[in-house]
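Only one structure is covered here, and it is reproduced in the block below.
Derivation of every value follows stated rules applied to the coordinates shown; laboratory data play no part. Everything numeric in this text was worked out from a predicted model, so none of it was measured. Cβ sites come from the backbone with ideal geometry, for glycine too, and all protein chains shown count toward neighbours.
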Amino acid sequence: MTETRKPKRAYVETYGCQMNISDGELMQGVLADGGYTIVTSPEEADVVLINTCAIREHAETRVLGRVSQLNGLKRERPEMVIGVTGCMAQRMGEKLLEDAPYVDLVMGPDGYRGLADTLSQLETRRAAPAARAGKRGPQLAVLDLSLGENYQGMEQRRGDQPTAWIPIQRGCDHRCTFCIVPYVRGPEKNRSALEVLGEVRGLAASGVTEVTLLGQTVNSYMWDDWTFPRLLSEVARVDGIRRVRFTSPHPNDVSPELVEVMALEPSVCEQLHLPAQSGNNRTLKRMSRRYTVESLLEKVDLVRTAVPDIALSTDIIVAFPGETDTEFRDTLDLMRTVRFDDAFTYKYSPRDGTPATRLPQEQFIDSDVAQARLAELIEVSRGIQGEINAAEVGRLEDVLIERAGRHPGQVLGRTRRNKVVVFDGDVARIGRYARVVLESTSGATFAGSEVEVPAMSGSA
Ligand code: SF4
C-alpha cells in the first residue's frame, strides 16, 4: 500500500512596508505552487517564515524577539523549520544564524523564486545521518543579490481584498546616505510592462477595482520603451479598474508627463506621496537626495496646478547626523509651506553599512534632542492635518469599502484622496463603493454617513 504524504503546512508572517507585504504574498504563491498548504498561525505550521524589514533598528529588534518566541514552539516540535526572510535576513546574513541557532534558514529577497526547492534541500540535509546525530540542525543561507532576478512570472497569493498592490519594480539605484534598501534589495529591477498589465487585467476580471503600483522609486520605472507615465496610463485604462494609486515616487521623477497622466486619466486617484525627508538644503545634500527644497516646491506647484484637489503626503527624517536646530526648523517651515495632508515621521536610525554611519561620531544627535525634534514635528504635522481635514468636513466622497470597522455595524473605507472614513454599513458590501458625506474628523480619519446617491466611481 502506498503511503500518501501529508502536504506540508507553511505560515508567513510579514513585518514592514507594503513591498514586504507584497513579498509575503509572493512567498505564499511560491509555497502553494510547491505543494504547501498555507496556514494562518505558526502553531499549525511545519514551516514558519518571518518576513522582515531592516529599515530601522527598532523593527529588527522586534523581529529578533518574535523569532526567539517561536523557538518555544520549536522546542515542542523540533521538526519545525524557522526561516527569516527579507531585508533583515539579507542584512544580517550568517550572523543571524549564529546569533539565533534555532533559525534554520535565512533568505534575502532575491531567493524567493527558489524557496520551495531550498526548503526541500534543507529537509534532505536534516534527514542525513550526520545531521540527525548533531545537536544543531543544518542551516542554510540564501543571500545572493541577482541582477537578473526581476520576479517575472512569479504569482502572488492574494487574499480576497478589494484592492491589490502590484510590485512593478524592486531595488533602488539611488544611494541616499541613510538608507539600507540598495544594500539589501540591490539595484533597480523592473518587471515587464506586459506582465504587469496582464496581472491588472486578471485582477479586474476577478472583481478588484483598485490597484496600487509599487516600487522603491516607482516613477523611475522603465522597461523597454515603457516609461512610468505610459504604464500608469495603460493600467488606468484597464476595463473594470476604477482607481489607480502608486507609491513611492522619487520627487526627481515627478515629471510633467507623469503629472499630465495624473490629470487626464480619471482612474488615477488625486493622491501623491512625495517623500521630502528634510526641508533643509544642506541636510538634503548630505542625505544625497539630489534635489533642493526649491526644486521640491516646484514639483508641488506642478502637481497642484494640474490636479488642484490632490492630497499630498510625505516622509520626514529628523536628527540626521549633523542636523542643526536651525536646519530642523527649516523642515518645520517646509511642512507649513506645503501643508501635507499626511506625514510619516521618523528619527534617524543608523543602519550598518550605509554611508551616514561613517559620519564623524560627534555629529550623531543625542537621542533626547532627536526625540524632542520628532515630537515637535509630529505636533506640527498633526496640527496641519487636523486643519486640512476639518475643512473637508461636509464633502461628499466616493468611498471604496475595504473592511469592517472597529464597532459592529460599521465599515471602513478610503476616498480617492486616500482619506480613511468610518460609517454605518454592512460588511457584505466590502469591495463596493458608497457615496458618503464626511461629518466629522478625529484629525487623521473621518466619520461619515452614506447618502442615497449612486457612487460616481462604482456601484453602491
Ligand atoms: S530613493 Fe533613497 S530612500 Fe528611497 S529606497 Fe532608494 S536609497 Fe532608499
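For the chain, the Cα-based Rg and Dmax, in that order, read 23.4, 79 Å.
Sort 179, 87, 269 so the one with the fewest other Cβ atoms within 10 Å of its own Cβ comes first.
Details: 179 21, 87 28, 269 25.
Going from least to most buried by this count: 179, 269, 87.
Listed cross-link partners 74/95; 189/299; 8/347; 299/419; 95/419 are compared with a 32 Å cut-off, the Cα-Cα value being larger for 8/347; 95/419. Using a cutoff of 8 angstrom between alpha carbon atoms and counting only pairs six or more residues apart, the relative contact order for region 163-392 works out to 17 percent.
Charge dipole of the chain (Cα centre as origin; +1 on each Lys and Arg Cβ, -1 on each Asp and Glu Cβ, all else neutral): 980 debye, rounded to the nearest 20. With the convex hull drawn around the C-alpha atoms of region 316-430, the volume per residue stands at 153 Å³. For region 227-286, a simple Cβ point-charge model (Lys and Arg +1, Asp and Glu -1, everything else neutral) yields a dipole of about 400 debye relative to the Cα centre. Annotation for region 320-362 versus region 409-453: alpha-carbon center distance of 35 Å.
Express the Stokes-Einstein translational diffusion coefficient of region 163-392 in µm² s⁻¹, to the nearest whole number, given a Kirkwood radius over alpha-carbon pairs, 10 °C and a viscosity of 1.306 mPa s. The Stokes-Einstein estimate is 85 µm²/s.
Applying a DSSP loop filter and a limit of 16 other Cβ atoms within 10 Å to the GluC sites (Glu not before Pro) in region 1-101 leaves 3, 79. Beta bridges from DSSP with both residues in the chain: antiparallel share about 35 percent, rounded to the nearest 5.
Using only DSSP helix segments of four residues or longer, with each worth -39500 (n - 2.57), what per-residue ellipticity at 222 nm results for the chain after dividing by its residue count and rounding to 500? Don't skip to the end; give the middle numbers.
Working: 14 runs with 162 residues, N = 460.
Theoretical 222 nm ellipticity from helices: -11000 deg cm²/dmol.
Simple point charges give the picture: +1 on the Cβ of Lys and Arg, -1 on the Cβ of Asp and Glu, and for region 1-92 a dipole about the Cα centre of about 200 debye.
Compared with the dominant Cα axis of the chain, that is its longest principal axis, helix 18-33 is turned about 40°. Fully extending the segment from residue 361 to residue 257 would add 33.1 nm, taking 0.36 nm per residue of separation and subtracting the current Cα-Cα distance. For q = 0.14 Å⁻¹, what log10 I(q)/I(0) does region 130-234 give under the Debye formula with an equal point scatterer on each alpha carbon and no solvent? Taken in order of the listed q values, log10 I(q)/I(0) reads -0.66.
Taking a sphere under 12 Å around the Cβ of residue 339 and counting the other residues whose Cβ falls inside, with K and R at +1 and D and E at -1, yields a net charge of -2.
Exposure proxy check: 46, 368, 110 ranked by fewest other beta carbons within 10 Å? It would help to have the intermediate numbers written out before the result.
On the way: 46 19, 368 8, 110 24.
Going from sparsest to densest Cβ surroundings: 368, 46, 110.
With respect to the chain, whose longest principal axis is taken over its alpha-carbon atoms, helix 325-338 is tilted by about 60°. Its residue count N sets the reference 2.2 N^0.38 Å, and the alpha-carbon radius of gyration of region 189-278 equals 1.03 times that reference. Measuring how big region 396-450 is from its alpha-carbon positions, Rg and Dmax come out at 9.6, 28 Å. Note on region 9-142: Rg/Rh from Cα positions, Kirkwood definition for Rh, rounded to two decimals, is 0.93. The distance linking region 161-182 with region 265-298 is 16 Å (Cα centroid to Cα centroid, whole angstrom).
Taking 8 Å as the Cα distance limit and 6 or more residues as the minimum spacing, I'd like the relative contact order of the chain as a percentage.
Numbers: 909 pairs, mean separation 43.9, N = 460.
Taking the mean separation of contacting Cα pairs over the length of the chain, I get 10 percent.
Taking every C-alpha pair closer than 8 Å and separated by at least 6 residues, the mean separation divided by the residue count of region 345-460 gives a relative contact order of 21 percent. Isolated cysteines in the chain, defined as those with no second cysteine Cβ under 4.7 Å, comprise 17, 53, 87, 172, 269.
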